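Notes for the one structure printed next.
Bear in mind that the values in this text are calculations on the coordinates, not laboratory data. Given the structure is predicted, the values throughout are model-derived calculations rather than measurements. We place every Cβ from the backbone using ideal geometry, glycine too, and count neighbours over all the protein chains shown.
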There are 2 protein chains.
Amino acid sequence: MAQLRIAMAQVNPTVGDLAGNSGIVVERTREASEAGAHLVVFPEMVVTGYPVEDLALRNSFVSASIKATHELAERLADEGLGDIPVVAGFLNRREGLGARFGQPAGAPQNSAALLHQGGVRVVSAKHHLPNYGVFDEFRNFVPGDVLPVVRVGGVDVAFAVCEDLWQEGGPVAAAREAQAGMLVTINGSPYEREKDNVRLELCQRRAREIGIPVGYVNMSGAQDELIFEGDSLIVDSTGELVARAPRFEDTLLVTDLRLPEAAQDEPPTVPESGIRVVRYTASADVFASYPPLEPVVAPRPDPTSDVGEVYRALVTGLRDYAAKNGFSSALIALSGGIDSAVTATIAVDALGAGNVHGLLLPSKYSSDHSVSDAEELVRRQGVNGRTVQVQPVVDAFENALEVSGVAAENLQARVRGTLVMSLSNEEGHLVLATGNKSELATGYSTLYGDSVGGYAPIKDCWKTLVWELARWRNAHAESTGEAPPIPEGSISKPPSAELRPGQYDTDTLPDYDLLDTLLDAYIGTDRGLRELTAAGFDPALVERVITLVDRAEYKRRQYPPGPKISSRNLSRDRRLPITNRWTP
Amino acid sequence: MAQLRIAMAQVNPTVGDLAGNSGIVVERTREASEAGAHLVVFPEMVVTGYPVEDLALRNSFVSASIKATHELAERLADEGLGDIPVVAGFLNRREGLGARFGQPAGAPQNSAALLHQGGVRVVSAKHHLPNYGVFDEFRNFVPGDVLPVVRVGGVDVAFAVCEDLWQEGGPVAAAREAQAGMLVTINGSPYEREKDNVRLELCQRRAREIGIPVGYVNMSGAQDELIFEGDSLIVDSTGELVARAPRFEDTLLVTDLRLPEAAQDEPPTVPESGIRVVRYTASADVFASYPPLEPVVAPRPDPTSDVGEVYRALVTGLRDYAAKNGFSSALIALSGGIDSAVTATIAVDALGAGNVHGLLLPSKYSSDHSVSDAEELVRRQGVNGRTVQVQPVVDAFENALEVSGVAAENLQARVRGTLVMSLSNEEGHLVLATGNKSELATGYSTLYGDSVGGYAPIKDCWKTLVWELARWRNAHAESTGEAPPIPEGSISKPPSAELRPGQYDTDTLPDYDLLDTLLDAYIGTDRGLRELTAAGFDPALVERVITLVDRAEYKRRQYPPGPKISSRNLSRDRRLPITNRWTP
């Protein structure tokens, strides 16, 4: 057996920021080198950021990524870090591939580079391209067919990219046939509730299948609608967990491993998997024996409830969306209700109270407790509060154009939307829309009214989860000796849009416990009218809710983006036909 | 040689309207039967409408499509139409296919059914699945591997679906190897400027390659953002055009052909293409000789300019978007400028003047000619006009919240947006956004202001094309002895948003001739800074415009849908990362 110290860099690149991302690689490589690591591994597409979506189809962007990756190799050597082999994801193109049906123009590839001694030494690319849910990779990339195997300190380490670990055959099978001593995958694997155990179990299964340790390097932070919670880890050849990084944090996980020494006879380079093995020797000889570091195994989150973890994911999502779009402050219309209270609290935790602006916009239908609950939230959290009476503006509209019923209700919401956007324009804050997933699913919102904004922190949270988040956040504050940030009144009162006298959500929608269960069954598990009725839901209710969901497609398309926390999300919203006449 | 009378039904189904679409098939089959046709062919996915997008992934929808297709076969027989073989596209699933990576759940297929004698006799599915531009078919379908060959009147006719005709190998090669006497493809092929000649040339090339006549059946009408102009056609085995349907019209193209009689010896059923040939005999014997009909060859559009054809496409797009979404009337904010004038004129041509509502919303910055040009348009076209002064509402906002500069400009646009949406809410009109492609590309619009609405008829038209459309429409009116619908003032004056005194588009943007040329080069041909500069554009201008385009991503995502008329469209707008920090 040989010893190897591997550093896994759980970092947070920004899509398009090639210089900044390269800087992260240099900085973390220096840190790894100082920690005595023999090998540093960065996540999928760290040079370009991930996901690049259609930027992969822009030729000049692919060229810029390739150039940046070569320059990165040179810079590492220039800064005295050329001896340590570095694996980093980047956007490459497959040369010599003519235009062909079913293949994106320019043959872009989701690639991994081995940087060593000032150059790019081995290049490979993702073999299995996911094309479901949030992924469009078959559309944007061509697959790779190379398994890089790098000899470091006398150990053969094989590398693969993300989805390649999840699929049978391909690079995983090739790693075994190539007689690698370890398999490391580089990932941009988005957060989903309870996905962490799935990842660990996958690594364990693969390790046992191929009989070697498996390392898993994931991103941290958030990009656009995706959150990356990290959870980088290593399991040994029996599937036992060896090391695990803390979640939602940028970190360098440095771990000492005992790995099988590579055979002197070169094993076959064309295994049966159809993958071509490309070998590179960074250092042939086994390193002299040294005392190993104690492995880091970050504590696991609360096993009884993941609500606190969801909260942390939402804070991460907003923090990075704001930062990566150049915003340092946020603006929220505070109604006194639960949705705006939770959104504001997330914003305070992400950006700091001084950077959060709350706009109170009471109308003649606003109840006293709405105003007082909103004021109480401003007071408790110390955000910047401002009150504007909307009635005079509503009156001016109604003088200009007579409206009634739903049109009058929507008018109030649009006056609020315009006031929020005006203040954002004037002062430069990111506007946060406060809609939850139950509202978005059923279309219970006003287009260009409460739906205005740049980001919607709780759009993938059912209303019942929003209440859970509020209770968790208050309990968390109490457990640390702080005052609960969210006024109890906002949590306990029955939800109301307050767009007409005595209006409650339950006038239009069923009770949220029932509604959310039904919505999750319809959207999450793709069951139709017959199956839902057979599962015990009232047929008339099922039909009404399905119709609401399908008809709300247009509103969902025009809603601001927000962090995805579930594979059972409204991902369809991007793709359903705009015209959807069909209901089951 | 044998005679065959083939009826190609160029029809306009609606996505999700299974009953309505089946009704179209029955009605056109009856018409074909009465015309003495031996075979009727309908477009791709006629039973479900096209494109179904993610509806393909909804299990209950796939089941409903299969049920509707079987019921359609029974109904045809019940109504005395069982003897005539009918080919119709539908949504099917591939049975017995387990869950697998890279394959959508439930294995939906973009399929063709042969209906005959009350049953579904042969089922096949599209082999080549397009996954670029407006297509996501690899995401939504699994490929087929069957080539149906139907013997009708002693002639073997092979069928394929859409993209299968465009690609080498697969069904086209199989049709030759199966010794078919004719190949007919069923299509949902969207309109693009100048695509008609591409289609004809493709059919000609394929006919010559495989030495048999080729028929091409396409949809008419529009669905969501796609327009289908029909252009169904038949070429003989030498590639000579035999028959061609009129464009943009629902029609039944009935054509007599002389085709080779099928060999008595059954040719091999597993040709080298990997496609399995499935044969069905509707009628084995050659039909008795009869006098053929004169083939229909619809006249070609103006070969010197396609502007009139683009105009017709836009009218078709709006007509069907309104109808398929249940709107009979439209509402447009009329500024007196060219964009709203052309949008209103399209609406009048699509929906009738009585169903078009123009809202004039002058502010203190509106010039006299803006108001008079808008009033003149209302007068000339006889649309319903109404004027609302926006200043009192703007004043009410400014009393509530002080704003300046761009925020004040945007406020005016948002007051207009809210007024338009309020009237739509109150009276039920479809709101038309009037932005053009140059504006959308550069982000020259106000979120929730001039960008509100349900449909944007000219969003894929460069500003220079908008002027061409106006001039073409006026000239067309004059050529038919009518008064020009668009006031000359709206066409000739320099464009201005009139959101501050003396404001012109050229204050912010370059001249539109130059801008549109540059935008088309950047967006249409994916050239970066270096290539555009090398092509002679000013480097500073290129950098400024590229930055504008990339930063306008968020606004484009929230813009209403509109008809696509070009493959050089902003299709990226759906998929670019929301955060796009990279500029070349």
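A few notes on this one:
- Where only C-alpha atoms are counted, convex hull volume of chain B per residue in Å³: 176
- The amide H of B:TYR191, built 1.01 Å from its N in the peptide plane, has B:ILE227, B:PHE228, B:GLU229 as neighbours under 5 Å, considering only residues 5 or more places off or on other chains.
- The charge dipole of region A:2-281, taken about its Cα centre with unit charges on the Cβ of Lys, Arg, Asp and Glu (plus for the first two, minus for the last two), comes to roughly 460 debye.
- Farthest positive-ward along the protein assembly as shown dipole, Cα basis, beta-carbon charges - from B:GLY119, A:HIS476, A:SER372: B:GLY119
- Cα convex hull volume per residue for the protein assembly as shown (Å³): 176
- Contact order normalised by residue count of chain B, Cα under 8 Å, 6+ apart, percent: 12
- Prolate/oblate/rounded label for region B:41-179 (Cα gyration tensor, a/c 1.5): oblate
- Ranking B:GLY382, B:GLY106, A:ALA330 by Cα position along the charge dipole of the protein assembly as shown, where only Lys, Arg, Asp and Glu carry charges on their C-beta atoms, puts B:GLY106 farthest toward the positive end.
- Cα lying deepest toward the dipole's positive end in region B:2-281, options B:LEU200, B:LEU129, B:TYR50, charges on Cβ: B:LEU129
- Ellipticity at 222 nm from helices only: DSSP H runs of n ≥ 4 in the protein assembly as shown, each -39500 (n - 2.57), divided by the residue count, give -11000 deg cm²/dmol.
- Averaging the sequence gap over all C-alpha pairs within less than 8 Å and six or more residues apart, then dividing by the number of residues, gives region A:307-557 a relative contact order of 21 percent.
- Per residue convex hull volume, Cα atoms of region B:2-281, in Å³: 115
- Prolate/oblate/rounded label for region A:1-91 (Cα gyration tensor, a/c 1.5): prolate
- Cβ crowding within 10 Å averaged over residues, with B:413-422, B:23-32, A:207-216, A:527-536 ranked highest first: B:413-422, A:207-216, B:23-32, A:527-536
- For chain A, the Cβ-based charge dipole about the Cα centre amounts to some 1040 debye (Lys, Arg positive; Asp, Glu negative; other atoms uncharged).
- Debye, to nearest 20: dipole size of the protein assembly as shown, +1 on Lys, Arg Cβ, -1 on Asp, Glu Cβ: 540
- Axis-nearest residue of A (beta carbon) for the A-onto-B rotation, whole Å: A:ALA396, 2
- Relative to the other identical copies, B:ALA99 shows label-point distances of 3.9 nm, where the label point lies 7 Å from Cα along the Cβ direction and values run shortest first.
- A simple count of charges around A:TYR321, restricted to other residues whose Cβ falls under 11 Å of its Cβ and scoring Lys, Arg +1 and Asp, Glu -1, yields -1.
- Relative contact order (%) - region A:2-281, alpha-carbon pairs under 8 angstrom, separation at least six: 21
- Helix A:307-324 axis, angle to chain A major axis (alpha carbon atoms, nearest 10°): 80
- Scanning residues 5 or more positions from A:THR185 or on other chains, those with amide H under 5 Å from its amide H are A:ALA160, A:GLY215, A:TYR216, A:VAL217, with H placed 1.01 Å from N in the peptide plane.
- C-alpha long axis of helix B:463-479 to longest principal axis of chain B, angle in °: 80
- 3J(HN,Hα) from dihedral phi, region B:532-544, Karplus parametrisation 6.51/-1.76/1.60, rounded to Hz, x for glycine, proline: 5, 5, 4, 7, x, 6, 4, x, 5, 5, 4, 5, 5
- Neighbouring Cβ atoms from other chains, within 10 Å of the Cβ of residues in B:254-261, number 0 on average.
- Net charge of neighbours whose Cβ lies under 13 Å from the Cβ of B:GLY215, counting Lys and Arg as +1 and Asp and Glu as -1: +1
- Peptide A:398-405 has a mean of 5 when you count, residue by residue, the C-beta atoms of other protein chains within 10 Å of its C-beta.
- Within region B:212-296, none of the trypsin sites (Lys or Arg not before Pro) combine a DSSP coil assignment with at most 16 other C-beta atoms in a 10 angstrom radius.
- Peptides B:542-555, B:101-114 ordered by packing proxy, namely the average of other Cβ atoms within 10 Å per residue, highest first: B:101-114, B:542-555.
- Over 18 Å between alpha carbons, listed pairs B:LYS493/B:LYS555; B:LYS67/B:LYS324; B:LYS463/B:LYS493; B:LYS459/B:LYS555; B:LYS459/B:LYS564: B:LYS493/B:LYS555; B:LYS67/B:LYS324
- Average partner coverage of B:412-425, which counts Cβ from other chains inside 10 Å: 6
- Modelled label positions at A:GLN264 and A:GLN117, each set 7 Å beyond Cα in the direction of Cβ, lie 2.3 nm from each other.
- Here, region B:107-149 yields an orientationally averaged convex hull projection of 3.6 nm² when only Cα atoms define the hull.
- Summary of the geometry: region B:224-254 and region A:459-483, compared by the centres of their Cα atoms, lie 61 Å apart.
- Among B:292-304, A:223-235, the peptide with the highest mean count of other Cβ atoms within 10 Å heads the list, and the full ranking is A:223-235, B:292-304.
- Summary for B:ARG258: label point 7 Å along Cα→Cβ; distances to the equivalent points in the other copies, ascending, 8.8 nm.
- Each Lys or Arg adds one and each Asp or Glu subtracts one; over the other residues with Cβ under 14 Å from the Cβ of B:GLU402, this totals -3.
- Whole-number D in µm²/s for region A:307-557 (Stokes-Einstein; Kirkwood sum over Cα pairs; 20 °C, 1.002 mPa s): 114
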